[in-house]
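A.B. asks: Okay, here's the structure, questions in a sec.
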Amino acid sequence: MTVLLSRRRGYGSLIVGLVLGCAGSMPARAQGEAGAPVRIAVIEAMSGPFANTGEAIMRNLRFAVERINARGGVKLADGAHKLELVPFDSKNQIDEALLLLRGAADQSIRVVMQGNSSAVAAGLIEGVNRHNQRNPAQRMVFLNYSAVDPALTNEKCSPWHFRFDANSDMRMAALTEVMRRDREVRRVYLINQDYSFGQEVARSARAMLAGKRPDVDIVADEFHAIGKVKDFSPYAAKILSSGADTVITGNWGNDLTLLVKAAREAGFKGSFYTFYGNALGAPAALGEAGVGKVRAVAEWHYNAGEPGMDQAYDAYRRMFPRPADDYLNARMLHMTDMLAAALERAGKVDAAAIARQLSGMRWTTEGADLWMRPDDHQAIKPLYVFTMQKLGVGTVRRDVEGSGYGFETTLKVSSADLTLPTRCKMAKLPE
């Protein structure tokens, strides 16, 4: 397998240039051609303020793809095919992502993956819909691993789009279940990135706290520009002066790391309820101040005690041993494994055939208990809420990024409790 990937920031644009340049000078082998790899376009920010998240995504996907290729790839009607990742640098910009989507289509790529930024994901959903309508012989399917704005599987739902992450309402439902039990939560400060996802996090936090903890006082509901703030100390000062005992944030990437670091340096002693506070520098930035105070939510964490994922994690760390590369998401493995299963059941690289197989699929390997709900193509699965703790304390056998801090399970919320209503009116797939 050839995976075009550089760990050095700034190389993303070079990669895209090389990929598109090769496409223009040398026809790509057709995806259905015997022995040709099944190419997967990954449209993600590989440079700029969120380059670290793009690099982490590529490591996860490399690992997931190489597991499948190690067993011989996917078996289609004409024989075995390896999977091949083709990364494109969107710079976290919608217009750039749409140009890259067209470039992927020009290379006859039928599977597209993206996740970091719900705004970009919304643009890609519309782009894939238009492309598929205009080019019925070259349709594409879009697999979303982390863009969690609920609208993507509600008002913007598409038969070509599948979300493998829990949406922000599901994540907030899990977090607020812990807050319902945590009587130390009295005064809450909401701070989020100012775009569709951050706004949805704030909205769902207000609504769910009103239902589960009407006694809680929301002292601020603040938004900041995404990827633009270099110094969060003014925000930290406001959090401190507000008298808040709890911060709720959906921030990710550097926007989260810089926020928690500024809060620690300002002397904030309260709790952080986060979507992504379990990696990419956040635990090390908090240090001792985060012990027992920082919570995050996901479908799995390193100390969840799921044997299948423990084995997968150990294999991932053998492939990526550097502490800075320590960021494995179970959903990346589930998504890639389900894609492989859908390809094999379809017997060909055809977007409509893949989509038919994914819609309604249930996946239960390696601790996963996932259902791709056909009504809206939203993955329905349990979620863990977990709390930061020192390595060696309680069930914390593994730390994060060599920081000396890991996470222990606070609450596992069942799929039944996270099966929220959908407003999707799903269009039918073409025959």
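A.B. asks: How many residues are of a type in the set (Lys, Arg) and assigned to a helix (DSSP H, G or I) when one looks only at region 174-183?
C.D. replies: 2
A.B. asks: Next question, about the same structure. Here is a check on your reading of the model: is ALA137 in a helix (DSSP H, G or I) and open to solvent by 10 Å² or more (accessible area, probe 1.4 Å)?
C.D. replies: Yes; evaluated as a whole, the condition is true for this residue.
A.B. asks: Mind listing whichever residues of region 412-426 are open to solvent by less than 60 Å² (accessible area, probe 1.4 Å), hydrophobic (A, V, I, L, M, F, W, C) and either touching a Lys or Arg at 6+ places or on another chain (Cβ under 9 Å) or not in a strand (DSSP E or B) (or both)?
C.D. replies: LEU418, LEU420, CYS424, MET426, listed by residue number.
A.B. asks: Then there's this: Counting only residues that are more than 19 Å from LYS293 (Cα to Cα) and aromatic (Phe, Trp, Tyr), which one in region 179-224 is surrounded by the most Cβ atoms within 10 Å (Cβ to Cβ)?
C.D. replies: PHE197
A.B. asks: Which of the following residues is closer than 18 Å to ASN329 by Cβ, at pLDDT 95 or above and surrounded by fewer than 23 Cβ atoms within 10 Å (Cβ to Cβ): ILE57, ILE68, ILE94?
C.D. replies: Residue meeting the stated conditions: ILE68.
A.B. asks: Something else now. Does region 338-388 hold any residues that are open to solvent by 20 Å² or more (accessible area, probe 1.4 Å) and not in a loop (DSSP other than H, G, I, E, B), and which are they?
C.D. replies: GLU344, ARG345, ALA346, ARG356, GLN357, ARG362, TRP363, TRP371, ARG373
A.B. asks: Scan region 131-183 residue by residue and report those that are β-branched (Val, Ile, Thr) and closer than 23 Å to ASP350 by Cα.
C.D. replies: VAL141, THR153
A.B. asks: Taking the condition open to solvent by less than 40 Å² (accessible area, probe 1.4 Å) and at positive phi, does GLY305 pass?
C.D. replies: no
A.B. asks: Any residue at all in region 40-54 that's modelled with pLDDT under 95 and open to solvent by 50 Å² or more (accessible area, probe 1.4 Å)?
C.D. replies: Yes, region 40-54 contains a residue that is modelled with pLDDT under 95 and open to solvent by 50 Å² or more (accessible area, probe 1.4 Å).
A.B. asks: Of the residues that make up region 389-398, is at least one in contact with a helix residue (DSSP H, G or I) (Cβ under 9 Å, 6 or more places away or on another chain) and either open to solvent by less than 10 Å² (accessible area, probe 1.4 Å) or at pLDDT below 95 (or both)?
C.D. replies: no
A.B. asks: Of everything in region 225-248 that's part of a loop (DSSP other than H, G, I, E, B) and under 21 Å from GLY292 (Cβ atoms), which residue is least open to solvent (accessible area, probe 1.4 Å)?
C.D. replies: Filtering first and then ranking leaves ALA244.
A.B. asks: Can you tell me which condition ILE68 does not meet? The list is (1) in contact with a helix residue (DSSP H, G or I) (Cβ under 9 Å, 6 or more places away or on another chain); (2) outside any helix (DSSP H, G or I), and all the others hold.
C.D. replies: Unmet for ILE68, out of (1) in contact with a helix residue (DSSP H, G or I) (Cβ under 9 Å, 6 or more places away or on another chain); (2) outside any helix (DSSP H, G or I): (2).
A.B. asks: Output the number of residues of region 157-173 satisfying the condition of being buried (at least 24 other Cβ atoms within 10 Å of the Cβ) and part of a helix (DSSP H, G or I).
C.D. replies: Total satisfying the criteria: 4.
Results for (1) more than 30 Å from ASP215 (Cα to Cα); (2) at pLDDT 90 or above; (3) basic (Lys, Arg), shown as yes or no for each residue.
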residue	(1), (2), (3)
ILE239	no, yes, no
ASN251	no, yes, no
SER271	no, yes, no
PHE275	no, yes, no
ALA285	yes, no, no
GLU299	no, yes, no
ASP310	yes, yes, no
TYR316	yes, yes, no
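A.B. asks: Using beta carbons and a limit of 6 Å, which pairs, at least six apart or on different chains, have the first residue in region 393-421 and over 26 Å from ASN167 (Cα atoms) and the second one of a type in the set (S, T, N, Q) and in a loop (DSSP other than H, G, I, E, B)?
C.D. replies: These pairs meet every condition: THR395/ASN303; VAL396/ASN303; ARG397/ASN303; ARG398/ASN303.
A.B. asks: May I pose another question? I'm told VAL120 meets every condition in (1) open to solvent by less than 10 Å² (accessible area, probe 1.4 Å); (2) touching a strand residue (DSSP E or B) at 6+ places or on another chain (Cβ under 6 Å) except one. Can you identify the failing condition by its number?
C.D. replies: (2)
A.B. asks: Which residues, counting only those in region 321-337, are within 19 Å of the chain's Cα centre (by Cα) and either closer than 24 Å to ARG171 by Cα or outside any helix (DSSP H, G or I) (or both)?
C.D. replies: ASP326, TYR327, LEU328, ASN329, ALA330, ARG331, MET332, LEU333, HIS334, MET335, THR336, ASP337
The values are calculated or read from the model by the stated rules, or taken from the named source; none is laboratory data. The shown structure was predicted, so the numbers you read here are calculated from the model rather than taken from an experiment. Note that we place each Cβ from the backbone using ideal geometry, even for glycine, and neighbour counts take in every protein chain shown. SASA here: full protein model, heavy atoms, side chains in, ligands and nucleic acids out. Shrake-Rupley method; radii C 1.70, N 1.55, O 1.52, S 1.80 Å.
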